[in-house]
1. Filter the stretch 115-138 down to the residues that are modelled with pLDDT under 95 and within 14 Å of the ligand (Cβ to nearest atom) and list them by number.
2. All but one of (1) surrounded by fewer than 19 Cβ atoms within 10 Å (Cβ to Cβ); (2) of a type in the set (S, T, N, Q); (3) in contact (Cβ under 8 Å) with a residue 24 or more places away in the chain hold for Thr84, so report the exception by its number.
3. Take the stretch 101-110 and flag every residue that is in contact (Cβ under 8 Å) with a residue 60 or more places away in the chain and under 24 Å from Ile156 (Cα atoms).
4. Looking at Val207 and the list (1) under 25 Å from Ala142 (Cβ atoms); (2) out of contact with any Leu (no Cβ under 8 Å at 6 or more places or on another chain), which single condition is not satisfied?
5. Taking the condition within 16 Å of the ligand (Cβ to nearest atom) and either buried (at least 17 other Cβ atoms within 10 Å of the Cβ) or of a type in the set (D, E, K, R) (or both), does Glu220 pass?
6. Cβ contacts < 8 Å: first residue free of Cβ contacts under 8 Å to residues at least 40 places away in the same chain and among the β-branched types (Val, Ile, Thr), restricted to the stretch 154-174; second residue more than 9 Å from the ligand (Cβ to nearest atom) and assigned to a strand (DSSP E or B), any location; separation 6+ or different chain. Result?
7. Give the residues of the stretch 171-184 that are assigned to a loop (DSSP other than H, G, I, E, B), within 16 Å of the ligand (Cβ to nearest atom) and not hydrophobic (A, V, I, L, M, F, W, C), sorted by residue number.
Amino acid sequence: MLRYGTTALACGLLACCAGPQSALDPAGRGAERIASLFWWMAAGAAVIWLAVVGLTLYALHRPQQHSERKATQLIIGGGFIAPTVILAVALAFALALLPDLLASPRGAMQIRVSGEQWWWRVQYVLPDGRTVELANEMRLPAGEAVEVLLSSPDVIHAFWVPSIAGKVDMIPGRVTRLTLEPTRTGVFRGVCAEYCGTAHALMAFDVVVLEKEEFLSWLEHQRKPIVPERDRGLELFLANGCGACHTIRGTAADGVIGPDLTHVGSRTSLGAGILPNDADAFAHFIARPDAVKPGVLMPPFGMLPSEEVRAIAESLERLE
Ligand code: CUA
């Protein structure tokens, strides 16, 4: 029974090590370095634990073997000198990692990410200096380093994609930097790792790592405004003032308070990583955003006839 329990526990623990949001299943240079630091520290901790348990057992079995002087030496050596040396080595090793994790590689593409309440504003800086804005999703080219410039307009958040790199705070009034260098394609999950208010736990995003060509054609597509058709949902969107907060490039909607919705239908999720990207989820969010994300700034539009909410939802979903 105990053996089955232990096996199940070990499998459970190992399963926790894999997946799209695991620092122990690295898919980026930074995460690889952090994972190797973790394994060295875990091995060191195991050795120290075994030594302490061994000494304890030894002391229990031979309580009167040592003079007081020897006991004092053991306490000074094992309780002060050894921990000081071990922690100093671990600190030096970790500090030596930092420049590589944070430094900006020359000529790397820049992406500005701003932590909002409670979503992510993402701006790709193009070679000509113009920007392409999207929200709650990043796509990156595999095998290339990009520099992420992190900021926040109001409260402190922390940007963390455990599979790809370390965690960096987003501090109002400052720009902090992080290098992301994904090593393989896939979809990885990022989160806010600093308590930032009511919906802190509902503030996630996907990082989609693509081959270079695929990435470039995606970015080119995101850059283009949409070509608006005569669409009832879009007309209702504009008539109800949604454009005061949201931008849909190619239409009259040019608000900057909320997420840019130009290509929202192409994203992997809605509501900052918490809802599937389909018309039902759009309709639910539009009618009761506060029920999905407590404390959200967007007012509910549940007073609109549900058929109108549905029309807006279906139009937004078509914005790919
Ligand atoms: Cu943003 Cu926690």
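1. Answer for the stretch 115-138, where residues must be modelled with pLDDT under 95 and within 14 Å of the ligand (Cβ to nearest atom): Gln117, Trp118.
2. (3)
3. Those that are in contact (Cβ under 8 Å) with a residue 60 or more places away in the chain and under 24 Å from Ile156 (Cα atoms): Leu101, Leu102, Ala103, Ser104.
4. Only one criterion is unmet by Val207, namely (2).
5. Working: within 16 Å of the ligand (Cβ to nearest atom): no; either buried (at least 17 other Cβ atoms within 10 Å of the Cβ) or of a type in the set (D, E, K, R) (or both): yes.
Criteria not met by Glu220.
6. Pairs that qualify, where the first residue is free of Cβ contacts under 8 Å to residues at least 40 places away in the same chain and among the β-branched types (Val, Ile, Thr) and the partner is more than 9 Å from the ligand (Cβ to nearest atom) and assigned to a strand (DSSP E or B), are Ile171/Ser151.
7. To start, the set of residues in the stretch 171-184 that are assigned to a loop (DSSP other than H, G, I, E, B) comprises 171-175, 181, 183-184.
Then keep just the ones that are within 16 Å of the ligand (Cβ to nearest atom); that gives 171-172, 174.
Matches in the stretch 171-184: Pro172, Arg174.
Residue by residue, here is whether (1) surrounded by fewer than 19 Cβ atoms within 10 Å (Cβ to Cβ); (2) within 21 Å of Ser266 (Cα to Cα); (3) at pLDDT 95 or above holds:
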{"site": "Leu140", "(1), (2), (3)": "no, yes, yes"}
{"site": "Thr179", "(1), (2), (3)": "no, no, no"}
{"site": "Ala193", "(1), (2), (3)": "yes, no, yes"}
{"site": "Cys196", "(1), (2), (3)": "no, no, yes"}
{"site": "Ala204", "(1), (2), (3)": "no, yes, yes"}
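The values are calculated or read from the model by the stated rules, or taken from the named source; none is laboratory data. Just so it is clear, the model here is predicted, and its values are computed rather than measured. Ideal geometry is used to build each Cβ from the backbone, glycine not excepted, and the neighbour counts take in all protein chains shown.
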